[in-house]
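Heads up: the structure comes next, in structure tokens.
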Amino acid sequence: MAKLKTFFEWSGKIDKVQAAIPTNDGRSLLQLPASARFKNWLPTVVRMQRYNKAKTETEILTLIDDLMKCQTLVAVKKPLELCDQKPLSPGKGEVVVALKYASLNRRDYWITQGLYPGLEPPVVLGSDGAGVVQGLGEGVDSDWMGREVIMNPGIGWGSDPRCQAYDFQILGLPLNGTLASQVVVPVENLYSKPDTLSWQQSAAIPLAGVTAYRALITQAGLKKGERVLVSGIGGGVATFVLQFAVALGADVWVTSSSEQKIEKAIDLKAKSGFLYTDPQWTQKAKQDAEGFDVIVDSAGGKGYDNLVTLANPGGRIVNYGATTGPPEKLDLFKVFWKQLTIHGSTMGSPDDFKNMLELIANQNVKPLIDQIVPLESTNEALSAMAHSPQFGKYVIDIENTNG
């Protein structure tokens, strides 16, 4: 036993060994509070004898190499920690997916800032990912083994297509997510990786893609030839809304605080765009587009009433977020006189996810990637999101990560 402990210290990987070996309650030694690690060290080392009588150095290093790497939120407003944990095991009806790429959403940034309810660190962040099925739980068809997949990050939507169930959950909070070399998901959340897309493009789809589809199509009921306004172009959901609307034959305008982002949107076949920092932008939009049948917004805030003004009679306004807070004013006289419909929209149902993938395949939509960063540089990408410089998604390279 003393010899084994000496080897751990000699190897310089004692934290990784602590992450790999279990304690009596099933947690790894590294998951225990520091004060409890010493008390658990001796019985844990003894427990390792269950693996064999005297592990060789080669076997121990193999155990270390098999550890799962993950970016873990351990405290709000603190950098994520790149951790090592023991490999995951699927439960009944679940699978383990070995991830190749993941991607970030604005949600991940808000979580690091403590702006999501039910936040209980530690938790592995990340809702999007693409990879290969590596392990099967009880009752899962063996045909899934080795399949290339992406995952619907919404777990337990429920039976009502109108809204999610009370116990609906999302990968990356409260469930451990995809900023890791492995993730566990229910088998019903698996979908085949699109054949026409790269691993990186596939990883950019799930949360933003399904949110955009539900907002634009399920909730707003977009029809060919309608006029659409997309606020805050550049973010993952907004860019998918633009792409989906154009693909379905709509005329699309966008708003942004950046001329460069508006120019990129026009390159993607938007008709035009407006700087929402311009006090006259509403009048310019009214003059240019004459009004909008569908408005998809994530901001809310003090300018929300402008959207009511810009909506055509019978128009639909859909909100999938409120990043600038609640509206300061909402002219209900315009709402009822123009017979407007205001929809809330969050994530999407399993049917939304399936239909979204079909739309991407049928219309040859290519997810937009701003840049690809390694797993160990996730914190830099999250910090950049505070200022929203991106146009498209930050994709995280997991398969080529360095430990």
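The values are calculated or read from the model by the stated rules, or taken from the named source; none is laboratory data. Just so we're clear, the structure is a prediction, and the values are computed from it rather than from any experiment. Ideal geometry is used to build each Cβ from the backbone, glycine not excepted, and the neighbour counts take in all protein chains shown.
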Worksheet item: Given ALA215, ALA238, ALA220, which one is out of contact with any Pro (no Cβ under 9 Å at 6 or more places or on another chain), more than 27 Å from LEU382 (Cα to Cα), small (Gly, Ala, Ser) and modelled with pLDDT of 95 or more?
Response: ALA220
Discussion item. Here's a check for you: in the stretch 131-160, which residue that is among the hydrophobic types (A, V, I, L, M, F, W, C) and outside any strand (DSSP E or B) is surrounded by the fewest Cβ atoms within 10 Å (Cβ to Cβ)?
Written reply: MET145
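Suppose we filter GLY114, GLY118, GLY93 for residues that are out of contact with any helix residue (DSSP H, G or I) (no Cβ under 7 Å at 6 or more places or on another chain), small (Gly, Ala, Ser), modelled with pLDDT of 90 or more and within 18 Å of ILE170 (Cα to Cα); which single one remains?
Answer to the selection: GLY114.
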Fill in: Residue that is under 30 Å from the mean Cα position of the chain (by Cα) and over 22 Å from GLY249 (Cα atoms), where the choices are THR324, THR309, THR282
THR324
Item to complete: Name every residue in the stretch 378-397 that is closer than 14 Å to GLY126 by Cβ and buried (at least 17 other Cβ atoms within 10 Å of the Cβ), in order of residue number.
Response: THR378, ALA381, LEU382, MET385, LYS393, TYR394, VAL395, ILE396, ASP397
Practice prompt. Looking only at the stretch 345-360, decide whether some residue is in contact with an Asp or Glu (Cβ under 8 Å, 6 or more places away or on another chain), in a helix (DSSP H, G or I) and either modelled with pLDDT of 95 or more or under 18 Å from GLY232 (Cβ atoms) (or both).
Written response: yes
Item to complete: Look through the stretch 92-115, keep the residues that are in a loop (DSSP other than H, G, I, E, B) and within 19 Å of GLU380 (Cβ to Cβ), and return whichever of them is farthest from the chain's Cα centre (by Cα).
Response: GLN113
Worksheet entry | Residue identified as among the β-branched types (Val, Ile, Thr) and closer than 22 Å to ILE398 by Cα among VAL183, VAL241 | VAL183
Worksheet entry | the stretch 384-403: number of residues that are under 16 Å from the mean Cα position of the chain (by Cα), more than 17 Å from VAL237 (Cα to Cα) and of a type outside the set (A, V, I, L, M) | 1
Item to complete: Considering only the stretch 282-329, state which residues are in contact with a strand residue (DSSP E or B) (Cβ under 9 Å, 6 or more places away or on another chain), of a type in the set (D, E, K, R) and farther than 20 Å from THR239 by Cα.
Response: LYS284, ASP288, GLU290
Item to complete: Specify the residue that is nearest to VAL230 (Cα to Cα); the eligible residues are those in the stretch 259-279 that are modelled with pLDDT of 95 or more and among the polar types (S, T, N, Q).
Response: SER272
Worksheet, complete the sentence: Screening ASP305, ASP370 for residues that are farther than 17 Å from ARG214 by Cβ, acidic (Asp, Glu) and assigned to a strand (DSSP E or B) leaves only ASP370
Worksheet item: In the set GLY135, GLY114, which member is more than 19 Å from ASN400 (Cα to Cα) and in contact with a Lys or Arg (Cβ under 8 Å, 6 or more places away or on another chain)?
Response: GLY114
